[in-house]
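The values are calculated or read from the model by the stated rules, or taken from the named source; none is laboratory data. Predicted model only: the values in this text are computed from it and were never measured. Backbone-built Cβ (ideal geometry, glycine too); neighbour counts: all protein chains shown. We work out accessible area using only protein heavy atoms, side chains counted, and drop any ligands, DNA or RNA first. Shrake-Rupley method; radii C 1.70, N 1.55, O 1.52, S 1.80 Å.
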Amino acid sequence: MNRRSAHSALLALLSEALMGPARAQGRAFPHQTVKVIVPFAPGGGADVPMRLLADRLREIWGTPIVLDNRPGANTMIAAQAALGAPRNGHTLLVTTSLTFQLPYLLQGLKLDPSKELTPICPITMEQLVVLTPEASPIRSLKDAVSVARTDPRRIAFGSLGNGSTSNLVQAEMSRQLGVELIHVPYRGSAPVVQAMLGGEIGLALVNYGTAKPHIAAGKLRPIAVTGARRSPFLPDVPTLSESGVVGFESSAWIGMFAPAGVPAPVIQQVSEDVRSALRSPDIIQRYADFGQIAAQMKPDEFRALVDSDVEKSGKMIRAAGIKLDS
């Protein structure tokens, strides 16, 4: 290669390297690194779907995306970190409904998530599944009621922790069906599944993705799902409402939020870009592998869903008298 050709090649490489930043600078958002704070450890909770989404958003935005995992304090460490950042949209929070239930679960909470966090869009929607061990005689919630009435100690119900959706399901099943289901909290879906496989509990509510291989292997039996309709992944399994327990017609969600005060055009831009990324066939398929559906909901639609879920769960929490220590 002669000197002129080498010079031309170098200019081409430099031009290509600068294209990403140039594209980012030409947009209203983003124009710098975007930090996404996640209140769960790597590999858990909202972390996995957000990592898949981040790969696609890097291509759309042409800027780096950093995931900042801050587990602990029932998602409050992550929420407070997000609220302490500049209100320009470059620091976002990805969390679950637990963050918005905390005012009902913790006394003296100074943070009001419904006022201080702005919904952008859900990332995934999923239906949770009620399980029993394969060896259990329970094949429906009706069977569970019969067993609980004859020997309540046989029905230990494993949940994802105090105040979790699975705890609310356990409390509402006990109340609505008129039986005692002993609550046994665990720290996440994987420990619940292992406890069930080990014979420690007779009922549990977990996300389908964690239970999927054990259901396929015939070791765990699904007997009901949350949601307004039957799950596309478990079409033969009735919903909780079909089984006599109402109030869980909404699907569980993992959503993206910004601190209140971020300009509305930025909220709209992030929402549009995330929804565009979620239409990627690869993301749709990979979420489906986990039993999740890539969501498509605008900010106002998501706010209505969050507000509705908070109102319903708040009533259930008060009725059950559920409280968290910290």
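For Leu128, the residues whose amide H sits under 5 Å from its own are Thr226, Ala252, ignoring neighbours fewer than 5 places away on the same chain, with H placed 1.01 Å from N.
The residue among Val237, Ala295, Val262 whose Cα reaches farthest toward the positive pole of the charge dipole of region 194-301, with charges on the beta-carbon of Lys, Arg, Asp and Glu, is Val237.
Spin-label model, Asp307/Lys110: points 7 Å from Cα along the beta carbon direction are separated by 2.8 nm. At R0 = 35 Å, how high is the FRET efficiency between Ala288 and Asp151 if r is their beta carbon distance? Nearest 0.05 is fine. Plugging the Cβ-Cβ distance into 1/(1 + (r/R0)^6) gives 0.35. Measuring max minus min along each principal axis, the C-alpha atoms of region 49-112 give extents of 43, 24, 15 Å (largest first). Considering only beta bridges that DSSP places wholly inside the chain, some 60 percent are antiparallel. Here's the list of lysines a cross-link from Lys298 could span, going by alpha-carbon distance under 25 Å and ignoring same-chain residues fewer than 8 apart: Lys35, Lys115, Lys312. Taking a ≥ b ≥ c as the square roots of the eigenvalues of the Cα gyration tensor, region 242-287 is classed as oblate, since a/c reaches at least 1.5 and a/b does not exceed b/c. Share of carbon and sulfur in the accessible area of the chain stands at 53%, probe radius 1.4 Å.
Residues in region 313-320 carry Karplus couplings, in order, of 5, x, 5, 5, 4, 5, 5, 8 Hz; the curve used is 6.51 cos²θ - 1.76 cosθ + 1.60 with θ = phi - 60°, and Gly or Pro positions show x.
Using only Cα positions of region 193-235, each an equal point scatterer, no hydration layer, compute I(q)/I(0) via Debye at q = 0.18, 0.27, 0.32 Å⁻¹ and quote the log10 values to two decimals. One equal scatterer on each Cα of region 193-235 leads to -0.52, -1.08, -1.37. Placing unit charges on the Cβ atoms only, positive for Lys and Arg and negative for Asp and Glu, gives the chain a dipole magnitude near 380 debye about its Cα centre. Against the set [x] 183; [y] 145; [z] 128, the structure's computed volume of the Cα convex hull per residue in Å³ falls on [y].
Counting 0.36 nm for each residue step from Ile60 to Arg318 and taking away their Cα separation leaves a gain of 88.5 nm.
For the chain, the 222 nm mean residue ellipticity estimated from helices alone, with every DSSP H stretch of n ≥ 4 adding -39500 (n - 2.57) and the total spread over all residues, rounds to -13500 deg cm²/dmol.
Each label point was placed 7 Å from the Cα along the Cα-to-Cβ direction; for Arg230 and Ala81 their separation is 4.2 nm.
For region 92-173, what Kirkwood radius comes out of the mean inverse Cα-Cα distance, in Å?
About 15.7 Å for region 92-173.
What shape does region 143-246 have by the C-alpha gyration tensor, where a ≥ b ≥ c are the square roots of the eigenvalues, rounded means a/c under 1.5, and otherwise prolate means a/b greater than b/c and oblate the rest? Rounded shape, in that the Cα axes give a/c under 1.5.
Just the number please: accessible area per residue for region 103-225, 1.4 Å probe, all protein chains included, in Å².
Averaged over the residues of region 103-225, the accessible area is 42 Å².
Hull surface divided by four, with the convex hull built on the Cα atoms of region 64-201: how many nm²? The Cα convex hull of region 64-201, projected and averaged over all directions, gives 10.6 nm². For the chain, the residue among Val192, Asn207, Ile283 whose Cα projects farthest onto the positive side of the dipole built from Cβ charges is Ile283.
So if each residue of separation counts as 0.36 nm, and I subtract the Cα-Cα distance between Arg51 and Arg175, what length gain in nm does that give? Intermediate values should be presented prior to the final figure.
Values: separation 124, 0.36 × 124 = 44.64 nm, distance 3.85 nm.
Separation in residues times 0.36 nm, less the Cα-Cα distance, equals 40.8 nm.
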